[in-house]
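Heads up, the thing below is written out as structure tokens.
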Amino acid sequence: MPPAVIVENVSKEFILRHNRAMGLKTRFLALFHKSKRERREHFLALDNVSFTLEQGEALGLLGHNGSGKSTLMQIIAGILQPTKGRVITHGRVAPLIQLGVGFNPELTGYENIFLNASLYGFLNKDIRPKVKDIIEFSELENFIDTPLKHYSSGMQMRLGFAVAVHLQPDILLADEILAVGDQAFQEKCLAKIAEMRNKGMSLILVSHSQEQIEKFCNQYVRLDKGVMVEKGYVDRSTTTSELATLKTI
Amino acid sequence: MPNPITATLRPYWQYRDLVRNLVIKDLKVRYQGAALGFLWSLGNPLALILLYDFVFTHVFRSDLPHYILYLVIGVLHYNLFSQAIAQSCESLTSASGLIQKIYFPRILVPTSSLLFTLALWIIAILILVVLYPFLGGVYHWGLLLYPLALGLYIAFIWGIVLTFSVLQVEFRDLKHLVEIALMFGFWFTPIGYDINVLKPTTREIISLNPLTQFMDLFHALLYAGTLPALNHVIIACGWTIATVTVGMILFRCKARHLVEDL
């Protein structure tokens, strides 16, 4: 069985463009005013990151804000291209970088289910048999024919999460999305992810919370300013403390 | 049997319902709350035709027989061009929310914007279908070639749509320049007048406009009831190949890094 995700020496450099000339006027002014000219600054968001995630395993991504976690997720999802290195994935990747991508406020919840799912590459006919489960999971039976603009933000997230988990992805990329809705729904989401994990789904989870990673993942990577500073397995053999501890290798 | 063409197209074919859902979404959102709904897509071309008919029959005289038919054909086909091009400029920039959050073939964004315009246009072309015999149109076998001519025209437009949607990301003034160019384009295309009444030098200039060649195809098939001249067909094909090639190459080069510039 090939690994689910291979990240091989991935580096990502962004070009920060200060005073970026978007229009003719700025381009013209730049000819005369030095201060209006575009300045380019290179910024290394990821520096030579490598790891392998076997199928059915779960990996936690730890790190402070701006450490490159989200950039790495976007590269694995295929949204960004790495400057150096490569990423190989096996199976269907469902990026939950934001819930409910492409949701349109004017359409009803029902119509948005299809729009959202087709962004993940699903055909409408494949979604139709799943719609009932999706609506049931989101607990929005009474509102599903109402335009999305009348939903609360919690309701929209519930719908987004319900669609994403019912598409049966092989690899789920979760970027701090486990803060969905109220406590009860959050627990339902976590239970659902655990259930999918048992069925062999691989998971990459971004989180600030070490506790959450210890609960869900069996390995972890810690990034700091784009550099992989720590990589290891979650040790569940310790009996002394209730929580498993992170063990560096 | 895997062959290279189906292998290249498969990832796009997989997303066919995305294009469909995006077009349906745009249609639903556009006329939401308007009492007359889709009928509004008839309103604009109909008003234009009435206006131009007034101008060209009462203000400037035209000697063309069945002048309204000539005009309707030109205005409708030019409308398809101008609406598709004007919309394409913002197709990628306004879809940044999608593009930054999930991966799907980017080419589908400008393509579905074109298909949306086309869907509205098909409603408008029904005017022509209904009025065709009353305006003096003749039914002849050449009409069967019309879908081919239209297909060629749409491919030509698609090439420009791809090009402009990518360029707009880098160069945000494009949209405004295009709006002005489309205004000029109307008068530099034989829509309200016959190209043969022009002075030879002016005719040369107008012939350089690719739309002139396409208008000639449509006028020959739908208005004159003849087959278009072969050299016009060849020039139109040449223009189509040119725009599609430029659009595809530009899209291929830029698409992968598009997301960083939005």
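A count restricted to segment A:208-244 and to residues that are touching a His at 6+ places or on another chain (Cβ under 9 Å) and modelled with pLDDT under 80 stands at 1.
Residues in segment B:1-50 that are among the hydrophobic types (A, V, I, L, M, F, W, C) and closer than 19 Å to A:L148 by Cβ: B:L18, B:L22, B:V23, B:I24, B:L27, B:V29.
Selection within segment A:6-29: residues that are more than 9 Å from chain B (Cβ to nearest Cβ) and modelled with pLDDT of 85 or more. The member of this set that is nearest to B:R172 (Cα to Cα) is A:E13. Taking segment A:175-207 as the range and being among the small types (G, A, S), modelled with pLDDT of 85 or more, surrounded by 20 or more Cβ atoms within 10 Å (Cβ to Cβ) and in a loop (DSSP other than H, G, I, E, B) as the test, no residue passes. Among the residues in segment A:139-149, are any more than 30 Å from A:L80 (Cβ to Cβ) and crowded, with 19+ Cβ neighbours inside 10 Å? The answer is yes; a qualifying residue exists.
Of all residues in segment B:1-33, those being more than 7 Å from chain A (Cβ to nearest Cβ) and either of a type in the set (D, E) or assigned to a helix (DSSP H, G or I) (or both) number 19. Looking across segment B:50-73, the residues that are among the hydrophobic types (A, V, I, L, M, F, W, C), in a helix (DSSP H, G or I) and in contact (Cβ under 8 Å) with a residue 40 or more places away in the chain come down to B:V55, B:F56, B:I68, B:L69, B:L71, B:V72, B:I73. Evaluation of A:A164 against the conditions (1) in a loop (DSSP other than H, G, I, E, B); (2) modelled with pLDDT under 90 shows that the sole unmet condition is (1). Determine whether segment B:244-262 contains at least one residue that is closer than 30 Å to B:D63 by Cα, surrounded by fewer than 18 Cβ atoms within 10 Å (Cβ to Cβ) and not small (G, A, S). No: zero hits. Screening segment A:1-27 for residues that are small (G, A, S) and in contact with a Gly (Cβ under 7 Å, 6 or more places away or on another chain) and picking the one that is nearest to A:G85 (Cα to Cα) gives A:S11. Total residues in segment A:57-83 satisfying the condition of being buried (at least 21 other Cβ atoms within 10 Å of the Cβ) and without any contact (Cβ under 8 Å) to a residue 40 or more places away in the chain: the figure is 1. Tell me, please, whether a residue that is closer than 30 Å to A:T89 by Cα, at pLDDT 85 or above and aliphatic (A, V, I, L, M) can be found in segment B:69-89. No. The residues of segment B:104-131 that are without any contact (Cβ under 8 Å) to a residue 40 or more places away in the chain and not aliphatic (A, V, I, L, M) amount to a single one, B:T117.
Within segment A:153-174, at least one residue is surrounded by 14 or more Cβ atoms within 10 Å (Cβ to Cβ), closer than 25 Å to A:V49 by Cβ and not hydrophobic (A, V, I, L, M, F, W, C).
The one condition from (1) surrounded by fewer than 15 Cβ atoms within 10 Å (Cβ to Cβ); (2) of a type in the set (A, V, I, L, M, F, W, C); (3) within 14 Å of chain B (Cβ to nearest Cβ) that A:F32 does not meet is (3).
Annotation: of all residues in segment A:12-29 being touching a strand residue (DSSP E or B) at 6+ places or on another chain (Cβ under 7 Å) and surrounded by fewer than 16 Cβ atoms within 10 Å (Cβ to Cβ), the one that is nearest to A:V49 (Cα to Cα) is A:E13.
For segment B:10-45, a residue qualifies if it is within 17 Å of A:Y120 (Cα to Cα) and either surrounded by fewer than 18 Cβ atoms within 10 Å (Cβ to Cβ) or touching a residue at least 40 places away in the same chain (Cβ under 8 Å) (or both), and the qualifying residues are B:R10, B:P11, B:Y12, B:W13, B:Q14, B:Y15, B:R16, B:L18, B:V19, B:R20, B:L22, B:V23. Of all the residues in segment B:135-169, those that are touching a residue at least 12 places away in the same chain (Cβ under 8 Å), of a type outside the set (F, W, Y) and farther than 30 Å from B:A95 by Cβ number 9.
The values are calculated or read from the model by the stated rules, or taken from the named source; none is laboratory data. Source: prediction; values computed, not measured. For neighbour counting, all protein chains shown are included, and Cβ atoms are generated from backbone atoms with ideal geometry for every residue, glycine included.
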